[in-house]
Number of protein chains: 4
Amino acid sequence: MIRVTVWNEYVHEKTDKNVADIYPSGIHGAIAEFLGKEEDIVVRTATLDDENCGITKEVLDSTDVLIWWGHVAHHKVPDEIAYMVRDAVLEGMGLICLHSAHHSKPFRYLLGTSCNLTWRETNDGEILWVIEPSHPITRGIDRYFKLPAEETYGEPFVIPTPDKLLLIGNYSGGEVFRSGCLYERGNGKIFYFQPGHESYPTFYVPEVQTIIKNAVRFVNPIYREEIGCPHVRKITDEGSYVI
Amino acid sequence: MIRVTVWNEYVHEKTDKNVADIYPSGIHGAIAEFLGKEEDIVVRTATLDDENCGITKEVLDSTDVLIWWGHVAHHKVPDEIAYMVRDAVLEGMGLICLHSAHHSKPFRYLLGTSCNLTWRETNDGEILWVIEPSHPITRGIDRYFKLPAEETYGEPFVIPTPDKLLLIGNYSGGEVFRSGCLYERGNGKIFYFQPGHESYPTFYVPEVQTIIKNAVRFVNPIYREEIGCPHVRKITDEGSYVI
Amino acid sequence: MIRVTVWNEYVHEKTDKNVADIYPSGIHGAIAEFLGKEEDIVVRTATLDDENCGITKEVLDSTDVLIWWGHVAHHKVPDEIAYMVRDAVLEGMGLICLHSAHHSKPFRYLLGTSCNLTWRETNDGEILWVIEPSHPITRGIDRYFKLPAEETYGEPFVIPTPDKLLLIGNYSGGEVFRSGCLYERGNGKIFYFQPGHESYPTFYVPEVQTIIKNAVRFVNPIYREEIGCPHVRKITDEGSYVI
Amino acid sequence: MIRVTVWNEYVHEKTDKNVADIYPSGIHGAIAEFLGKEEDIVVRTATLDDENCGITKEVLDSTDVLIWWGHVAHHKVPDEIAYMVRDAVLEGMGLICLHSAHHSKPFRYLLGTSCNLTWRETNDGEILWVIEPSHPITRGIDRYFKLPAEETYGEPFVIPTPDKLLLIGNYSGGEVFRSGCLYERGNGKIFYFQPGHESYPTFYVPEVQTIIKNAVRFVNPIYREEIGCPHVRKITDEGSYVI
């Protein structure tokens, strides 16, 4: 079983009726619901309201894949918690950052860049194109899929060149965006996926759910261990031991 | 001085009045004209009609950057000539492949993949977005530029992941395309640039010309030498010599 | 079951007693033997002596992973066969190229470079270091493993930058080499693995066998299909169809 | 003129006679001395002892390339200063991190990983091999060069896959190390170069000096500007403006 923790700042849903109507049990609730139906996945959720943001060493140690959604409250996540997440990813925990989590501390601290992007909220339609049709994360998706309306994200997106670019979005207003970006950092895999603005029912779109489910399975670690900085003895016929 | 050779199959311009009207001296002529105005560039041209396609060892040895345009006559370029181009690139010669030259032999033989792509000819407008604003090839270009009409190219584009993706195109019909792709192979640099269908006056667009001029300077080699397969002696205090 | 075909030029074993003593049933036989013991793998072999080099469309269509060993007879493999292998890889078939197969036609045609390297045969010992400890191909391998003697391969190795560098070799004579290189091309995965000179019993080394077994499972395709060059209709509410 | 600032924690030289004997004016002094002889470079230095570590917004704004050496006092550099360096690099400032600066805050914060590595201090000799002979940073270097003694650094080195791997080190004790690693982050270039332990006169080695001089010229920005997160208006015929 893949143990998934869905983290959501859970602010918009409590302060904006429009968002609450779309996601009555929170964005985390919507994601947990469709993931929970998978036979190989067990889900729990955590939010900013939980003690320690719901992120402790114990939670991370028992999480195979962490999904993160945040937007207006990135700064309310203490640095120590963001560092714990970063270190768990370097050990092997998978991380999926959704939409405005491009600016979340765990994502920025792992990638090192500003992760800035260009944006506009004008109900543009978006067509997401599959760049790598044989990648496990895009399995089950046709050549493209459509979102009736999304927040427009545009280039430049200040990220390191992705290890693999899986999806590019085309917005009806004319922008493009690297909408599916895969990274390997330490022993961990990180997937950034652009759809999911709070004011649209994007997380109910079948293709969005398929990609998130595929991504959970892909970033699920086969190996989890801190890669330390060992002081080693010289190699002999008996081996090279850590001092 | 950067010595540029512009190669064009030069077929459409002689058989299609519409194309001839746009490019009366051929696509190669149009490219040579704006490059020839640069103080640090000298240009000559070559076409399929020339003996050996205009590509001999002597021509390649005295070419710093080769620009290639082809479409319906890729198969008329003999393999031996394509291999000579490939080997010159591996030694360090720069190569710029324009538009339908994605299917040219030199490009395919250097990248190894089919370089297939999806396409449609419906006069879509295209907006080309700069992904890497600080790259020498995109200097002088704003966040984006527009082409009133171009042939639509779509993903998947069966290429190796570019070493650097510089531009993405957004077509009014809804497609996206990796329109500016940079590769390093051996000692040489290769730039693929998507605009330039024969039935549109794309090579007169200032931003297209700027990008091609920038690319000439960027892929111009600082070093040119075959990297052979030397049989070497064991390293001693005097060095490691090729046998 | 993963259907593996082990291809070997099978020349040294028939002409050099030293090699025949080490690999009495050929290098292909030795590889097939340890792979054949795996429950999820079925193996067959093919050599240069077979009709069509043992590589037909039918063979490739029923091969999930092709392993290739060649050295002195690369040129005896007809181009048409090498192209068939290349195209099968682009469709998704996995390819593992061993040792001197760096110069084989399928490898060179897929990577596009000369794949030249520096070499010396002086019985250097080699220590192979794991660069990516969490990669499926290096699972079960400690920080390093040793080969008592191997042909020395040295840099520069004229290959495209690997998508992932998994192993680096250290030779007692002082050289280094990128000994485990992973590529994705089209829908296929390609793994190059340096050990395996014909005059040493390298393919009996447990770690070498582990890595080859791991690699078979890793490059085994989850998807196999030619990515063509479709002419598509404009996207409508009903979709975008291939014409 | 390229404006270089050489930063050194400057601790060993003041506390260890052996180091002081090798670098009487500090490691920063030794580096500044050979760089200062170049006609296109002006150098200044800064150390931990300076107010604000010698790193202010004004210093960074007037620095094209920052060279960093640190070892035992990484933690004494305040986070705010490390963030200023990171942000200057993302704007375009070049950064060269030497030897144990793999663990410096600017390097770690820009790359996002632990940058841990394996190490041993046993006076191993090192041979550094050029992987990319045509790269501007390795110009003027033969196939390899030797250091009589260096601290041994070993894999795994927990870094993101370098955008370009330029050098690999072979240690007489058997280790290998990715000794020259190039990254692009935001508008900036980062070069990590392994040689330079405080107890060896490595910075007097001609090839080490050549590589550092080459690297200064290569990471020197052609462009420097923060890439922000602009809120843009919809594209019209007049353009797309930042709100």
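Rule-based calculations on the coordinates, nothing more; no lab input. Bear in mind the structure is a predicted one, so any value in this text is a computation, not a measurement. Heads up, the Cβs are rebuilt from the backbone with ideal geometry, glycines too, and the neighbour counts pull from every protein chain shown.
Based on alpha-carbon atoms, the Kirkwood radius and the radius of gyration of segment C:1-97 give Rg/Rh equal to 0.97. The trypsin sites (Lys or Arg not before Pro) of segment B:1-56 meeting both criteria, a DSSP state outside H, G, I, E and B (loop) and at most 16 other C-beta atoms within 10 angstrom of the site's C-beta, are B:LYS37.
Computing FRET efficiency as 1/(1 + (r/R0)^6) for D:TYR83 and C:ASP237, where r is the C-beta to C-beta distance and R0 is 45 Å, gives about 0.40. Identify the residues of segment B:141-185 with backbone N under 16 Å of a label point that sits 7 angstrom from the Cα of B:GLU121 along the Cα-to-Cβ direction, or state none. Label zone hits: B:149-154.
Look at B:TYR109, A:TYR183 and count the other Cβ atoms within 10 Å of each Cβ; fewest to most, that gives B:TYR109, A:TYR183.
Please report the relative contact order for segment C:1-91, taking Cα pairs under 8 Å with a sequence separation of at least 6, and give it as a percent rounded to a whole number.
Relative CO of segment C:1-91 lands at 39 percent.
Note on chain A: Cα convex hull, mean projected area over all directions, 14.9 nm². Label points for A:SER62 are taken 7 Å from Cα along Cα→Cβ. From this copy to the others they lie 5.1, 5.8, 7.7 nm apart, shortest first. Magnitude of the charge dipole for chain C, about its Cα centre and with charges confined to Cβ atoms of Lys, Arg (+1) and Asp, Glu (-1), is about 400 debye.
Taking a straight line from the alpha carbon of B:LYS57, these aspartates and glutamates sit under 17 Å away, with near neighbours fewer than eight places off in the same chain left out: B:ASP79, B:GLU80, B:ASP87, B:GLU91, B:GLU225, B:GLU226. Cross-link check: pairs A:LYS234/C:LYS146; A:LYS189/C:LYS189; A:LYS105/A:LYS146; B:LYS146/B:LYS213; B:LYS17/B:LYS37; A:LYS164/C:LYS189 evaluated at a Cα-Cα cut-off of 24 Å; pairs beyond the cut-off: A:LYS105/A:LYS146; B:LYS17/B:LYS37. When only Cα pairs below 8 angstrom with a gap of at least 6 residues are kept, segment B:94-188 shows a relative contact order of 29 percent.
For peptide B:159-165, the mean count of partner chain Cβ atoms within 10 Å of a residue's Cβ comes to 6. Sorted ascending by nearby beta carbons within 10 Å, beginning with the fewest, B:ILE222, C:ILE96 become B:ILE222, C:ILE96. Need the C-alpha centroid separation for segment D:155-202 versus segment A:99-149, integer Å. Segment D:155-202 and segment A:99-149 have Cα centres spaced 32 Å from each other. Can you pull the one-decimal nm distance between simple spin-label points at C:ASP40 and B:LYS57, each 7 Å off the Cα toward Cβ? With each label point 7 Å from Cα toward Cβ, the separation is 5.2 nm.
Taking the Cα centre of the protein assembly as shown as origin and assigning +1 to Lys and Arg Cβ atoms and -1 to Asp and Glu Cβ atoms, the resulting dipole is close to 0 debye. Between A:ILE131, A:ILE227, A:ILE55, the GNM of chain A built on Cα springs shorter than 10 angstrom shows A:ILE227 fluctuating the most. Residues of chain C were split at every exposed loop site, defined as GluC sites (Glu not before Pro) in a DSSP loop with at most 13 other C-beta atoms within 10 angstrom, and the longest piece left, sites excluded, is C:122-224. Note on segment D:50-142: with charges restricted to the Cβ of Lys and Arg (+1) and Asp and Glu (-1), its dipole about the Cα centre is near 260 debye. Summary for D:GLY36: label point 7 Å along Cα→Cβ; distances to the equivalent points in the other copies, ascending, 5.2, 6.9, 7.3 nm. Residue order for A:ASP21, B:ASP124, C:ASP16, fewest other beta carbons within 10 angstrom first, comes to A:ASP21, C:ASP16, B:ASP124.
The residues neighbouring D:GLU38, those whose beta-carbon lies less than 15 Å from its own, together hold a net charge of +2 under the Lys/Arg +1, Asp/Glu -1 convention.
When segment C:1-48 is described by a simple charge dipole with +1 on each Lys and Arg Cβ and -1 on each Asp and Glu Cβ, the residue from C:PRO24, C:MET1, C:VAL11 located farthest towards its positive end is C:VAL11.
What sits nearest the axis between copies D and B, counting only chain D Cβ atoms, is the residue and whole-Å distance D:ASP163, 4. Under a Gaussian network description of chain C, with springs only between Cα atoms under 10 Å, the residue in C:VAL43, C:VAL216, C:VAL72 that fluctuates furthest is C:VAL72. Short to long, the 10 Å bins of the Cα pair-distance histogram for the protein assembly as shown hold 2, 11, 20, 25, 23, 14, 5, 0, 0 percent of all pairs. Averaging the sequence gap over all C-alpha pairs within less than 8 Å and six or more residues apart, then dividing by the number of residues, gives chain C a relative contact order of 20 percent. Positive contributions from Lys and Arg (+1) and negative ones from Asp and Glu (-1), summed over other residues with Cβ under 12 Å from the Cβ of C:LEU147, come out at -4. With the label put 7 angstrom out from Cα along the Cα-to-Cβ vector, C:TYR223 ends up 2.5, 3.2, 3.7 nm from the copy partners, going from closest to farthest. Where both bridge residues fall in the protein assembly as shown, DSSP classifies roughly 55% of the beta bridges as antiparallel. Of all the options B:TYR171, B:TYR204, B:TYR153, the one that moves most in a Gaussian network model of chain B with Cα springs shorter than 10 angstrom is B:TYR204.
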